[in-house]
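Notes follow the structure.
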Amino acid sequence: MDKFFSIIVPVFNRPDELNELLASLSAQHYRNFEVVVVEDGSTVKSEEVVQQFRNSLKLVYLDLPHCGPSIARNHGMQASAGDYLLFIDSDCIAPDNYLSTINQYLEKSPLDLFGGPDKASEDFSPVQKAISYAMTSFLTTGGIRGGKKQVDRFHPRSFNMGISRKAYENIGGFPVTEMHPGEDMVFTIEIIKRGFKSGLIPDARVFHKRRATFGKFFKQVKGFGFTRHIISRVYPETFKLFFLFPTAFLIGSVILAASALFLTYWALLPLVLWALVIFLDSGIRNHSSKIGLLSVWSSLIQMCGYGYGYLSAFAESRILGCDRYGVLKSGFYASGS
C-alpha cells in the first residue's frame, strides 16, 4: 500500500538552494507526497521559489518569525497530513528514486524512525567534496554518517530523517531548546527510548552540500562536539568512547607539535602519516589529488573542531558548573530523561 509522505523543509535565507531541492522533489518517481516549507524568519524569502512549483508539487508554505530549526520543524509537522513525516535540509538534493526507495523499504520492513546517508554530488565544488569526505569517512567519523550498517540502534539526523505519524503523536515534536546543532539527536534518542523501532535505509541517500567554506565548517563541527557532551550528560547511556577520539586527536596533535618545536621534527611523523592516508584515500575516492589535499585540511578541521567543542562543553558544564541550555537537571523533555 502506497504511503502518503509529508516532506518538511525548514529554510533560512536559502531560496536558491530550496529551488534545487524542490526541483529534485518534482522529479520523484513516487508521487504520493506533499512538501511543507517553513520559512524560519528569513530576510531573503523563498515564497517566489515556492510559487514556481505549485503546479508540480503539493505545497504548504508557512512564513514564521525566526524560531530556530527545531521549532520550525514542529510547525511543519503540525501543518502536515502524511502517514510518515520526512525531514530534509534545504541544502540537500534528493535523487529521483528517493521516495520510491523509502516506500519499498517500509513495505518490507516497517519502521517508526529511519534515515539514510548523504554524499557529495559530482557537480559539487572541491571544497564541498572535501568537507563531505571529512564528515563521512571512516578515518574521521568512523563512517557513522556514511551509510555503514551499525550494531547499535541507528540515530538518523535531520538532513535525511523520517518518522511515522504514530511516533510524532507520541513525542509531540523536537525539543523546545536553544541548543543547535544536536537537537535532532535528542529527538531520535527520545523516540527510541519510547520503544519505537529505528533503522537505516542504506539506499535512501541525499546529496548534501555541507558548508561552503572551511570557516563555517569549523563552526559547525565545534557545535557538534559541544552539544555531543551535553547530550551525553543528559543521556549517559548513549555515551561511547569513540566520542572522545577527536579530543584525544586534538590533545595529541598539540603535544606532537610542541615536541617537534622543542625536541625533534620526527615527532610530527604520526600526523604526517595520518595526513598521507587521508590524502590517498580521498584522492582515490574522488579521482582528484586537489580534493585529496583539501580533504587533509577538512579532516583536520573536523577532528580538531569537534574535539575543541567537546572540551569546551566539558570545561563549561563540569568545571564551571554552567548549564547553558537549562537541560542538565530537567532534561530536554518534561516527561523524558
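Throughout, read-outs are computed from the coordinates displayed, never taken from laboratory work. This one's a predicted model, so the numbers in the text were calculated from it and none came from an experiment. Using ideal geometry, Cβ is built from the backbone for each residue, glycine included, and neighbour counts are taken over all protein chains shown.
Quick notes
- Gain in span if fully extended, residue 96 to residue 280, counting 0.36 nm per residue against the direct Cα distance: 63.1 nm
- In the chain, the DSSP beta bridges split such that about 30 percent are antiparallel, to the nearest 5.
- Most tightly packed first, judged by the mean number of other beta-carbon atoms within 10 Å of their residues, the peptides 280-290, 299-309 read 299-309, 280-290.
- Among 101, 213, 264, the largest mean-square fluctuation in a Gaussian network model of the chain (Cα springs under 10 Å) belongs to 264.
- Rounded to the nearest 10 degrees, the angle from helix 69-78 to the longest Cα principal axis of the chain is 20 degrees.
- Put in line by how crowded their Cβ is, counting other Cβ atoms within 10 Å and starting with the fewest, 208, 75 read 75, 208.
- Note on residue 288 and residue 123: their simple-model spin labels are 1.5 nm apart, each label 7 Å out from Cα toward Cβ.
- Using a cut-off of 25 Å between Cα atoms, the listed pairs 3/197; 193/219; 216/240; 3/45 include 193/219; 216/240; 3/45 as exceeding that distance.
- In the chain, the longest principal axis of the Cα atoms and the axis of helix 269-286 are about 30 degrees apart.
- The long axis of helix 245-262 is offset from the longest Cα principal axis of the chain by roughly 30 degrees.
- Neighbour counting of Cβ atoms within 10 Å sorts the residues 291, 131, 71, fewest neighbours leading, into 71, 291, 131.
- Across segment 1-15, the residues whose backbone nitrogen lies under 16 Å from the label position 7 Å along the beta-carbon direction of residue 78 are 9-10.
- Sequence-distant aspartates and glutamates (8 or more away, or on other chains) whose Cα lies within less than 19 Å of residue 166: 2, 34, 83, 107, 112, 184, 190
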